[in-house]
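These notes concern the structure reproduced below.
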Amino acid sequence: MMAERPLSPFLTVHRWAYTMTLSILHRATGVALIAALLGLVIWLISASFGADSYAAVLPALTSVAGKVVMCLAVIALIYHFCNGLRHLAWDIGWGFERSAARRSGKLVLLATLIGSALCIYWILAHPAGAA
Amino acid sequence: MSLRAPLAQALNHGAAHDGVHHWWVQRVSAIALAPLVIWLICQLLSLPDAGYLTVTAWI
């Protein structure tokens with residue numbers, strides 16, 4: 001039942017625009033990157049503990065599932081990086097107008113697409129040999 | 001007209017009391033992290049393989 005008085009605007013009263021999706025993706029990728037960072041740290045710590053512990057951890061990273069997670073982490077990192085620069089530009093007052101924000105949003109998506117495609121190609125093109 | 005209570009106005013604090021500090025810490029860490037992320041990506045991509053000797057030599 002809706003109250004008969006003015007309500008403060010919330011998500012549901014706004015017409016959807018893709019900049020909203022970009023905004024929530026920034027937060028989602030930020031949270032996901034915490035998990036990815038944990039994986040990176042586990043990898044480094046296992047190497048610091050010696051060859052045996054490294055050999056125990058490496059198969060998890062080079063498995064198909066590990067590579068999928070790694071590719072997703074790369075996409076999340078590059079998206080969060082590009083969109084973070086967009087946020088920093090907003091902080092100094094650049095690009096706040098609606099048209100500019102939409103244009104920079106498209107630019108971020110394009111940069112993420114190209115950047116992560118290059119990184120993923122690089123990762124998959126180089127076999128992770130356990131030398 | 002202000003919607004803030006007189007006491008809040010006198011103390012000049014927001015609800016969390018350290019919002020401005022938190023804001024600055026977030027910006028400074030973000031600006032510091034930006035070049036470091038580029039560095040990390042370049043470092044990881046330049047590893048010839050993920051073998052134990054390569055990785056420990058890199059660390």
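Only one of the numbered conditions (1) over 21 Å from B:Leu40 (Cα atoms); (2) surrounded by 10 or more Cβ atoms within 10 Å (Cβ to Cβ) is violated by A:Leu77, and that is (1). The listed residues are B:Asp18, B:Asp49, and the only one of them that is closer than 24 Å to A:Trp90 by Cβ and either within 12 Å of the chain's Cα centre (by Cα) or free of Cβ contacts under 8 Å to residues at least 12 places away in the same chain (or both) turns out to be B:Asp18.
With respect to (1) of a type outside the set (D, E, K, R); (2) assigned to a loop (DSSP other than H, G, I, E, B); (3) surrounded by 11 or more Cβ atoms within 10 Å (Cβ to Cβ), the lone exception for A:Ser8 is condition (3). Only one entry in A:Ala55, A:Ala60 is part of a helix (DSSP H, G or I), in contact (Cβ under 8 Å) with a residue 60 or more places away in the chain and at negative phi, namely A:Ala55. Does the range A:91-105 include one or more residues that are within 14 Å of another protein chain (Cβ to nearest Cβ), touching a helix residue (DSSP H, G or I) at 6+ places or on another chain (Cβ under 7 Å) and farther than 19 Å from A:Ala28 by Cβ? Checking the range A:91-105: at least one residue is within 14 Å of another protein chain (Cβ to nearest Cβ), touching a helix residue (DSSP H, G or I) at 6+ places or on another chain (Cβ under 7 Å) and farther than 19 Å from A:Ala28 by Cβ. Filtering A:Thr19, A:Thr62 for residues that are away from chain B (no Cβ under 14 Å) and modelled with pLDDT under 95 leaves a single hit, A:Thr19. Of all residues in the range A:99-131, those satisfying the criterion of being of a type outside the set (A, V, I, L, M, F, W, C), under 15 Å from A:Thr21 (Cα atoms) and surrounded by fewer than 19 Cβ atoms within 10 Å (Cβ to Cβ) are A:Arg102, A:Arg103, A:Lys106. Picking from residues in the range A:79-131 that are part of a helix (DSSP H, G or I) and in contact (Cβ under 8 Å) with a residue 60 or more places away in the chain, the one that is nearest to the chain's Cα centre (by Cα) is A:Asn83.
One line per residue, one yes/no per condition, for (1) surrounded by 10 or more Cβ atoms within 10 Å (Cβ to Cβ); (2) more than 20 Å from A:Leu37 (Cα to Cα); (3) out of contact with any strand residue (DSSP E or B) (no Cβ under 8 Å at 6 or more places or on another chain); (4) not β-branched (Val, Ile, Thr):
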| site | (1), (2), (3), (4) |
| --- | --- |
| B:Leu7 | no, yes, yes, yes |
| B:Ala15 | no, yes, yes, yes |
| B:Val20 | yes, yes, yes, no |
| B:Ile38 | yes, no, yes, no |
| B:Leu45 | yes, no, yes, yes |
| B:Ala50 | yes, no, yes, yes |
| B:Val55 | yes, no, yes, no |
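In the set (1) of a type outside the set (S, T, N, Q); (2) closer than 30 Å to A:Ala17 by Cβ; (3) more than 11 Å from chain B (Cβ to nearest Cβ); (4) part of a helix (DSSP H, G or I), the condition left unmet by A:Val41 is number (2). Does the range A:34-49 include one or more residues that are modelled with pLDDT of 90 or more and over 30 Å from A:Trp122 (Cβ atoms)? Checked the range A:34-49: no residue is modelled with pLDDT of 90 or more and over 30 Å from A:Trp122 (Cβ atoms).
The values are calculated or read from the model by the stated rules, or taken from the named source; none is laboratory data. Quick caveat: nothing in here was measured; it's all calculated off a predicted structure. Note that we place each Cβ from the backbone using ideal geometry, even for glycine, and neighbour counts take in every protein chain shown.
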